[in-house]
Each structure stands twice: as C-alpha cells, then as structure tokens.
Amino acid sequence: MAAPRPQQLHAVKGMNDILPGEVERWHALEAVVRDVVRTHGYREIRTPLIEPTPLFVRSIGEGTDVVDKEMYSFVFHDEPLTVRPEGTASVVRAYIEHALHTKEPVSRLFYEGPMFRGERPARGRTRQFHQAGCEVLGDPGPGIDAEMIDMIVGLYRRLGVKDVEVLVNSLGGKGTKARYRDVLVAHLEPLRSTLSDDSQRRIGMNPLRVLDSKHPKDQEAIASAPSILDVLDDEDKKHFDGLRALLDQLGTPYKVEPRLVRGLDYYARTLFEVRGHGGELGAQNALCGGGRYDGLPEELGGPPVPAIGFAMGLERALLAMPDTRTNADAPVLIAPLGDRAIARALVVARTLRDAGLTTICESRGGTMKAMLRRANAFGSRVAVVLGDSEIDRGVVQVKDLASHAQQELPESELVSAVRGVLASPVAAPKTGEGP
Ligand code: AMP
C-alpha cells in the first residue's frame, strides 16, 4: 500500500504571501513612499518586531481593541512579549533609549514593515499587514502638523490615488480630554441601555472609544454626542485654528470631523485620517491615520517632547492605486540548442547580466519551440538562440519576439543588439493581421 501523502500546510489565517508578479507593485509603492519622505528630511529607523508587552499596553492603552483583543502576546522565559501591532510605540521607545533628543532638537523618523493584529480578516484587513509611517519628535506644531498632512496628500496623489478625503479633528490636551470625557459620559449614561455591550463597558473605562464604534446600536448616540471642539481650551483652540489656517493657505483639502477619535489612546490635539473611495477599496477605506501624541514620550519614561506621527496601510494603498505594472523587467531568454551550446549560453548570459540586463538561461535545454514558449510566458521581448553552427562561427541569433525579426551577429555585438531591440517600439499589428 502506498504511504499516506504528508499533510499540506497553509499560511496562518489573515497572513498572506506576496508572490512575484505582485511584489513588483510593492516595490513601486515603497519607492515612491521612500522618495517622498526623503525629500521631507525623514530618516529611516528599524526597530525589532517583538517588544515588551507593557510598551503597547501603556502607550496604546487598555480599553482599546488593539490591546484588549488583538495583540499577539506570549511569554518567553518569563518575559511578556508582543509582536508589534503598530510602529509608534517602538519608535518612541527607541528614541528614549538612545536619547535622540540630546543629539538633535527635532527628530524626523520613518519606518516601514509588517504589523500584527488579530482582527477578523476581510478585504483590506489582514492579521499581518504592512505600514509605512513617520514620526516627528520635538516640534509642537501646528506648522509640522500641516506639513505632514500636506505631504500625505501629495504622496497619495503621486501614487495615482484619486478621491482621497482628509478628516481632521483636535482632541485637545490632557485637560480638554478629561473635560470632554465627563461631558461625554453625561451624554452616554442615560442612553446606556440602548448601546452595544462593548460600548456599555467602555462608558466607565474609556468613553471616547464609544465614538469609534461601528455597531449599529451605537450610531444614534454617536451622532447626537456633543462635539469635542466645543470644549477645547484656549491653547488647544489656537493650535487647531493655526493648523486649519495653514492647510487653507497650502490649498490642502480637508474636512473637520469632530467625532473622529481613532483607535489608539495616546493621541492629543491634532488627529487626522485619510480615506479613499476608489480602486478596489471596499468598506475598509481608511488609508492612513495619525495625530499628535505630546504626552507619550514622557509617559514612557522619556523627556517631555511634543510629537506627531502617522501610519499608512500599504495593502490598502495598493488596493486604491491604479495597476501600472509593465513587462519592463522581463528577462532576456537564452535558448541553447544541444548540449554543447549550454556552456556557451551560460557565458553569454553572464555577459548580458554584467551589462545590467535581466537574463534567464534555459540550461535545461529542450526544443526551440518549448524554449520560446517559456520566453512568452515570461513576457520576454528578446531571445538569444545558439546551437552548434553558431558556436563554430562565433555568432548568436538575436530574436525580437514581438516582430519575429531575427539577426545574426558576432558575440561582441550582442549587448548593443539586445539593448537596441529592447528600446525599439513594438509595432502595432496591421489591420487584418493576427496578434
Ligand atoms: P492605525 O495604526 O490603526 O492608526 O492604522 C493606520 C492604517 O493602517 C490604517 O488606516 C490602515 O490603512 C492600516 N491598517 C490598520 N489595521 C489594518 C489591518 N488589520 N489590515 C490592513 N491594514 C490595516
């Protein structure tokens, strides 16, 4: 009897492979993001994927979905650890740990990488997802707040994402937040019995979170809730008015949304979210979120520096972006005919690669037809064919797979001939002619 086949293993639910063919879009996105943040003076910081659990509990806050339900936490040799659900806490930890504030008055830091939250997977929502983000520590704003929002709008424009909507709000400083908490509790308490279980629980613990609820039962209470903008103190109001005036002067589109609170606890004053409405985006239309977190560095045992940051979801950016993939990097295919030609083909391939051309040598051999089929599958524009007769004469055949034209050349002219074909336009088929 045949042995049973070993059981196939699958990726963890909500965690995706990114395959060749798709990864090129990631590279293009990442290149634009890196270029935009570079021109704004941000420098990259890379922090570990795993951090002490208390870092996230203290910064993101208890009573938030992320901390209460979504963190990949475990104990390793008695130490509580968590696979990072977001980037800001780690960046602030590193900023404090390396005393960056003693080296520069303002730090502009950029990060990019995978984040982990055990959310219910849906289109645009995964358990391992990727964020790129920026943090500015040491600048109280509102100038930097306006610059950051303007940079993000410009970034999505460069990515070809149309219809982005920028929502801004102010949560005020500590005093304002506490005052608003009381006003909000007074509004929610009489409505308690109409609210979802989660929201009922949060009235006592973290009432601002109720405003973040998507539960249908909570929507009426949210719509009638008092606006936080009505309880801003004079300093908070000046800050928010300053931000709006700057955005107006920059011509950066935005909308004030007083019920925007967002899921993380550490925000204070400026808060913003960018939503998209096009492409393949479904219900998960939040492309990017951020805000000011002036109190966080001090709360984590660091200096009292003001700070602001944002994170954009890369999967969602890809869903919103147009697909502009081309075959630009399709390989040149070297097709050796016969065993003798294989060694020569490997040398020819090396010559093309040394000249910077992506090249695949079909050293498995095979028939000409099979090899050209392979070239088509790659989307190759050029094939280089060589057999015994070519080797004896020191020549190669360069085949333009679009026009089917073929030229025989000395090997010394190979690189320029291949470049010539790659640079030549593909002729449109004449009417009546097949593809
Ligand atoms: P946050 O860190 O929650 O402020 O999220 C910032 C951005 O990250 C969001 O606007 C999304 O674009 C993206 N994001 C957050 N959670 C997920 C997730 N589970 N799956 C995919 N993208 C996400």
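The values are calculated or read from the model by the stated rules, or taken from the named source; none is laboratory data. The shown structure was predicted, so the numbers you read here are calculated from the model rather than taken from an experiment. All Cβ positions, even for glycine, are placed from backbone atoms using ideal geometry, and neighbour counts span all protein chains on display.
Just name the residue that is nearest to residue 80 (Cα to Cα) out of those in segment 10-55 that are away from the ligand (no atom under 16 Å from the Cβ) and of a type in the set (Asp, Glu).
Checking each candidate, the answer is 44.
Test residue 58 against the stated conditions and say whether it is in a helix (DSSP H, G or I), at pLDDT below 95 and either of a type in the set (Asp, Glu) or more than 15 Å from the ligand (Cβ to nearest atom) (or both).
Numbers: in a helix (DSSP H, G or I): yes; at pLDDT below 95: yes; either of a type in the set (Asp, Glu) or more than 15 Å from the ligand (Cβ to nearest atom) (or both): yes.
The answer is yes for residue 58.
With respect to the numbered conditions (1) within 12 Å of the ligand (Cβ to nearest atom); (2) in contact with a Pro (Cβ under 9 Å, 6 or more places away or on another chain), which one is the sole condition not fulfilled by residue 343?
Failing condition for residue 343: (1).
For segment 93-106, check the following and say yes or no: at least one residue is part of a strand (DSSP E or B) and not β-branched (Val, Ile, Thr). Write out each step before concluding.
Of the residues in segment 93-106, the ones part of a strand (DSSP E or B) are none.
No; the residues of segment 93-106 include none that is part of a strand (DSSP E or B) and not β-branched (Val, Ile, Thr).
Would you mind finding the one in 358, 326 that is hydroxyl-bearing (Ser, Thr, Tyr) and over 30 Å from residue 133 (Cβ atoms)?
On the way: 326 fails: over 30 Å from residue 133 (Cβ atoms).
The match here is 358.
Please work out if residue 344 is surrounded by 14 or more Cβ atoms within 10 Å (Cβ to Cβ) and among the basic types (Lys, Arg).
Numbers: surrounded by 14 or more Cβ atoms within 10 Å (Cβ to Cβ): yes; among the basic types (Lys, Arg): yes.
Yes: the conditions hold for residue 344.
Take segment 208-234 and flag every residue that is in a helix (DSSP H, G or I) and closer than 12 Å to residue 176 by Cα. If you could, list the steps in order and put the result at the bottom.
Filtering segment 208-234 down to residues in a helix (DSSP H, G or I) leaves 208-212, 216-223, 228-231, 234.
Within segment 208-234, 228, 229, 230, 231, 234 meet the criteria.
Residue 263 - would you say it is more than 10 Å from the ligand (Cβ to nearest atom), surrounded by fewer than 23 Cβ atoms within 10 Å (Cβ to Cβ) and modelled with pLDDT under 95? Let's see the steps before the verdict.
Details: more than 10 Å from the ligand (Cβ to nearest atom): no; surrounded by fewer than 23 Cβ atoms within 10 Å (Cβ to Cβ): yes; modelled with pLDDT under 95: yes.
No; evaluated as a whole, the condition is false for this residue.
Per-residue answers, yes or no, for (1) away from the ligand (no atom under 14 Å from the Cβ); (2) surrounded by fewer than 23 Cβ atoms within 10 Å (Cβ to Cβ); (3) of a type in the set (D, E, K, R):
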{"site": "267", "(1), (2), (3)": "no, no, no"}
{"site": "274", "(1), (2), (3)": "no, no, no"}
{"site": "279", "(1), (2), (3)": "no, yes, no"}
{"site": "285", "(1), (2), (3)": "no, yes, no"}
{"site": "288", "(1), (2), (3)": "no, no, no"}
{"site": "292", "(1), (2), (3)": "no, no, yes"}
{"site": "303", "(1), (2), (3)": "yes, yes, no"}
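Could you grab me the full set of residues in segment 108-147 that are more than 19 Å from residue 51 (Cβ to Cβ) and away from the ligand (no atom under 14 Å from the Cβ)?
108, 136, 138, 139, 140, 141, 142, 143, 144, 145, 146, 147 - these are the residues of segment 108-147 that are more than 19 Å from residue 51 (Cβ to Cβ) and away from the ligand (no atom under 14 Å from the Cβ).
If we keep just the residues of segment 136-178 that are over 20 Å from the mean Cα position of the chain (by Cα) and surrounded by fewer than 18 Cβ atoms within 10 Å (Cβ to Cβ), which is modelled with the lowest pLDDT?
In this case the residue turns out to be 174.
Could you tell me whether segment 220-241 includes any residue that is within 16 Å of the ligand (Cβ to nearest atom) and touching a residue at least 24 places away in the same chain (Cβ under 8 Å)? Even if it seems obvious, please write down each step before you answer.
Here is the first cut: in segment 220-241, the residues within 16 Å of the ligand (Cβ to nearest atom) are none.
No, segment 220-241 contains no residue that is within 16 Å of the ligand (Cβ to nearest atom) and touching a residue at least 24 places away in the same chain (Cβ under 8 Å).
Would you point out the residue of segment 121-135, among those that are crowded, with 22+ Cβ neighbours inside 10 Å and hydrophobic (A, V, I, L, M, F, W, C), that is nearest to residue 283 (Cα to Cα)?
132
I'd like the full set of residues that are surrounded by fewer than 22 Cβ atoms within 10 Å (Cβ to Cβ) and away from the ligand (no atom under 14 Å from the Cβ), limited to segment 306-328.
306, 322, 323, 324, 325, 326, 327, 328
Among the residues of segment 69-89, is any at pLDDT 95 or above, among the acidic types (Asp, Glu), away from the ligand (no atom under 16 Å from the Cβ) and not in a loop (DSSP other than H, G, I, E, B)?
yes
Being in a strand (DSSP E or B), surrounded by fewer than 19 Cβ atoms within 10 Å (Cβ to Cβ) and within 22 Å of the chain's Cα centre (by Cα) narrows it down to one of 113, 118, so name that one. Walk me through it before giving the result.
Numbers: 118 fails: in a strand (DSSP E or B).
Of 113, 118, the one residue that is in a strand (DSSP E or B), surrounded by fewer than 19 Cβ atoms within 10 Å (Cβ to Cβ) and within 22 Å of the chain's Cα centre (by Cα) is 113.
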